[in-house]
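Let me give you the structure first, and then I'll get to my questions.
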Amino acid sequence: MLNEQHSESGPCEQPADLRSIANVEEQLLQAVRNSPAISAFLHDGQAGGRSVQQSRCLLRVSSEALPNHLTASTLAGVSRISVPPQIFFDDANGSLIAAYHLGLELSGHVGLIHGGFLAVVLDECMGRACFARLPERIGVTVHMEIDYRKPVKADSMILVRAVTERVEGRKAWVKGTVMSLGDVAEEVLVEAHALFIQPKWASSMEQIM
């Protein structure tokens, strides 16, 4: 079962050149429709009797926090995270898959997406995936290992897949991958493993899911 989540207001809206945005939106939507990995993700959820939620917001960022948020504000916009990602959550399984368009201004080497940016996106997706499995539904990153297997081209689309592999009390171990999107192969470009923990002061943190 696929349900769509609707945000209440601004955190997912990105002012930009409307024609450019429309083109990127159409490319991303078409790639999502044709993605074998997304189809498999939806099928797995349905086969397991779980509800898969669709959204354009990875994290629920309050309007007060939005101006200072790295991915929802600072890195969002034309030639960066060009449009809000297309995300599918399987919270009962602690997993998600997200489709992004990454613009030229996210480059490190010319024409290639900066590895540090990819680490940020992996960290957020992997964290969000496991938050649903933690008692207070929030956590922080303790440790992350990343293997950069192949370069990620700028002005391209990617898939980020995050799966919670194990949960023990306040700890969650998560695997993440970055894959190419828009080609049949959907090649693995980056792999990551991370440990997240729900801190003892979790009740004082703002909820973001």
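Within segment 108-138, how many residues are in a strand (DSSP E or B) and buried (at least 24 other Cβ atoms within 10 Å of the Cβ)?
The qualifying residues number 1.
Go through 203, 180 for me and flag whichever is buried (at least 16 other Cβ atoms within 10 Å of the Cβ) and either in contact with a Leu (Cβ under 9 Å, 6 or more places away or on another chain) or at pLDDT below 95 (or both).
Answer to the check: 180.
Now for a separate question. In segment 99-152, how many residues are of a type in the set (Asp, Glu) and either touching a His at 6+ places or on another chain (Cβ under 7 Å) or over 15 Å from residue 208 (Cβ atoms) (or both)?
3
Also: Report yes if some residue within segment 27-43 is surrounded by 13 or more Cβ atoms within 10 Å (Cβ to Cβ), among the polar types (S, T, N, Q), in contact with a strand residue (DSSP E or B) (Cβ under 8 Å, 6 or more places away or on another chain) and not in a helix (DSSP H, G or I); otherwise report no.
yes
So, in segment 139-163, how many residues would count as being part of a strand (DSSP E or B) and under 22 Å from residue 201 (Cα atoms)?
Counting residues in segment 139-163 that are part of a strand (DSSP E or B) and under 22 Å from residue 201 (Cα atoms) gives 5.
Still on this model: Can you tell me which residue within segment 47-80, out of those that are more than 14 Å from the chain's Cα centre (by Cα) and in a helix (DSSP H, G or I), is modelled with the highest pLDDT?
47
The values are calculated or read from the model by the stated rules, or taken from the named source; none is laboratory data. Predicted model, so just to flag it, every value in this text is computed and none were measured. Backbone-built Cβ (ideal geometry, glycine too); neighbour counts: all protein chains shown.
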